[in-house]
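Notes follow the structure.
All of the numbers you see were taken from the coordinates with simple rules; none came from a lab. Everything quoted here is computed from the prediction, not taken from an experiment. Using ideal geometry, Cβ is built from the backbone for each residue, glycine included, and neighbour counts are taken over all protein chains shown.
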Amino acid sequence: MKLKSHLRFNKQEQSGIFFLLFLIVLVQGVYFYVTYNSASKANKTFALNKSLQYKIDSLKAKALEKDTVAVYPFNPNFISDYKGYVLGMSVDEIDRLHAFRAKNKYVNSTSEFQEITKVSDSLLKSISKYFKFPKWKNAKSNHKIAKKSSVKSSVIKDINSATVNDFKSIYGIGDKLSGRIVKFRDKLGGFFVNEQLYDVYGLENEVVERALKHFQVLKTPVIRKININTASVIELYKLPYIQKKVAYGILDYRNDNKTIKSFDELLKIENFPKDKIDKIKLYLTLK
C-alpha cells in the first residue's frame, strides 16, 4: 500500500500556504518599517533636544556671568556702600568704616580694618586677600609725606614747586627727564604722594629714590577735580594715567549705565590701569 506523501498539496492547500507566507512577510515588513521610523524620529528628537539644551546651558552661563561680580585688588579705605554689600559686609560694618574715614583717617593693615569694622574672622579671611594698601601711609592730611630719609628736612624742597634746574641737580636727571617730570606734574595739577614720581616715563627706580631724598610732597596741591560723570573724552584724556581709548571706554560705560556711582566701577572698563586706581581717584570726583 502506497502512502501519500506529506509534501504533496492540492492547489487549494498550496494557495492557502502561499497566502499565509505572504501575510507573514507583509506583517514583518510593516513591523520593521514602523520600528525604523520610530527610532529615526527618536534620534532626531534627541538631537533637537541636545541642541536646545546646549542653548539653554549657554544662556544660563551668561546669566551667571552677569550676576557674578568680579573682585579685583582694592584699597579697603575706599569701600563704597555697594562694594561693601557685594563683599558681604553688614550695614553697621560699612558705617563704622565710613565714620572712621570721615575723621580723615586711613586703615593701614588687615588687623586695623577688622578692629574698625568689627567684621568676623571668616569674612575677613575671604576678603582680605583682595586688600591692596598703597605704599604710602596717610595720617594728618589726605596724604602724608612718605617716610623721610636721614637727610635733614631743611634740605628737602617741595616737589610741586621744584623747577627744571632743581631736578637737574640730581645725578641721573638731565634736561630731557627734568622737563618730563615738570610736564607730567603740570598735567596732573601736582603730585599728591611722593610715589607718583615713579610714574614718570624713563625715570629709573634708583634715580627716583635719589631724587626723593631732596624732593617730596610738602604741600598738598589744590586742584579742580575732574567730574567722572560729566567730563568729556578730552578732559579725561588730559589725566596722564588715562589713555584715550580708556577715556572713550569710560564714556561708553557712563552712557550705558547713565551714571557712575563708585570708582570701583572703573575697574570694569577694558584696559583701565587697575594698579593705579588709588592714584587716579585723587584727581576725580563723582559729582
Filtered hits (aspartates and glutamates, Cα-Cα < 17 Å from Lys287, offset >= 8 within chain) -> Asp81, Glu235, Asp264, Glu265
Phi-derived 3J(HN,Hα) across the stretch 23-33 with the Karplus relation (6.51, -1.76, 1.60, θ = phi - 60°), rounded Hz, x for Gly and Pro, is 5, 5, 4, 5, 4, 5, x, 4, 4, 5, 5
Placing each pseudo-label 7 Å from Cα in the direction of the beta carbon, Ser128 and Lys261 end up separated by a distance in nanometres of 3.0
Taking placed amide H atoms and a strict 5 Å upper bound, the residues 5 or more places from Ile226 or on another chain that come that close are Leu284, Thr285
Here the relative contact order (percent) of the stretch 142-287, from C-alpha pairs under 8 Å and at least 6 apart, is 25
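When the convex hull of the C-alpha atoms of the stretch 168-264 is computed, what volume per residue in Å³ does it have? Could you put the intermediate results ahead of the total?
Numbers: hull volume 11.2 nm³, N = 97.
Hull volume normalised by residue count: 116 Å³.
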Of the listed pairs Lys225/Lys258; Lys261/Lys281; Lys168/Lys238; Lys187/Lys279, those with alpha carbons more than 18 Å apart are Lys225/Lys258; Lys168/Lys238
Quick P(r) readout (the stretch 191-243; Cα-Cα; 10 Å bins; whole %) gives 20, 39, 30, 10
The FRET efficiency for Asn229 and Lys176, from their Cβ-Cβ distance with R0 = 41 Å and rounded to 0.05, is 0.65
Amide H contacts under 5 Å for Gly189, restricted to residues at least 5 apart in sequence or on another chain and with H modeled in the peptide plane, are none
